[in-house]
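Report on the following structure.
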Amino acid sequence: MNRIALLLVLTVSSPWALADSSKAAIKADFDNLCNVIARSGAAKHQVKSEQVNVITTWLREHLKTPEVNKFLKEVSGSRDAGAKLKKAAADAGYTGACPLADAT
């Protein structure tokens, strides 16, 4: 199982405090999702399972929108999750790099 699929399964299996659904909040959530490897500190860990744990914990604390939560549920386990992440992020107005999508 690739890293993003496992990450998505672990992340969506727990409840989040869902709040703001504004365009700015959704864009910010996709920014955080795309850049979670660096922002969470997961890149410092060599063991993949440790990276997944760090990322999952960080996402639970930082993602706020039901739209991104729904997106994660929809792409969980998808072979083309990286491409879907890039498209959804762009559709939400995020124009930066997406290292998480590239890691698949």
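The values are calculated or read from the model by the stated rules, or taken from the named source; none is laboratory data. Computed from a predicted structure; not experimentally measured. Cβ atoms come from the backbone with ideal geometry, glycine included; neighbour counts cover every protein chain shown. Quick note on the areas: whole protein, heavy atoms, side chains included, nothing else; ligands and nucleic acids left out. Shrake-Rupley method; radii C 1.70, N 1.55, O 1.52, S 1.80 Å.
Would you confirm whether or not region 67-75 contains a residue that is polar (S, T, N, Q) and over 10 Å from the mean Cα position of the chain (by Cα)?
Our first condition is that a residue be polar (S, T, N, Q); within region 67-75, this holds for 69.
Okay, now just the ones that are also over 10 Å from the mean Cα position of the chain (by Cα), so none.
No, region 67-75 contains no residue that is polar (S, T, N, Q) and over 10 Å from the mean Cα position of the chain (by Cα).
Out of all the residues in region 56-83, which are closer than 15 Å to Lys27 by Cα, open to solvent by 50 Å² or more (accessible area, probe 1.4 Å) and without any contact (Cβ under 8 Å) to a residue 40 or more places away in the chain?
Answer for region 56-83, where residues must be closer than 15 Å to Lys27 by Cα, open to solvent by 50 Å² or more (accessible area, probe 1.4 Å) and without any contact (Cβ under 8 Å) to a residue 40 or more places away in the chain: His62, Lys70.
Conditions: (1) at pLDDT below 95; (2) open to solvent by 70 Å² or more (accessible area, probe 1.4 Å). Arg39 meets all but one. Number of the miss?
Only one criterion is unmet by Arg39, namely (1).
Quick check, is Lys64 at pLDDT 90 or above and outside any helix (DSSP H, G or I)? I'd like the intermediate steps shown before the answer.
Values: at pLDDT 90 or above: yes; outside any helix (DSSP H, G or I): yes.
The answer is yes for Lys64.
Answer with yes or no whether Ala88 is in a helix (DSSP H, G or I) and within 13 Å of Asp29 (Cβ to Cβ).
Numbers: in a helix (DSSP H, G or I): yes; within 13 Å of Asp29 (Cβ to Cβ): yes.
Yes; evaluated as a whole, the condition is true for this residue.
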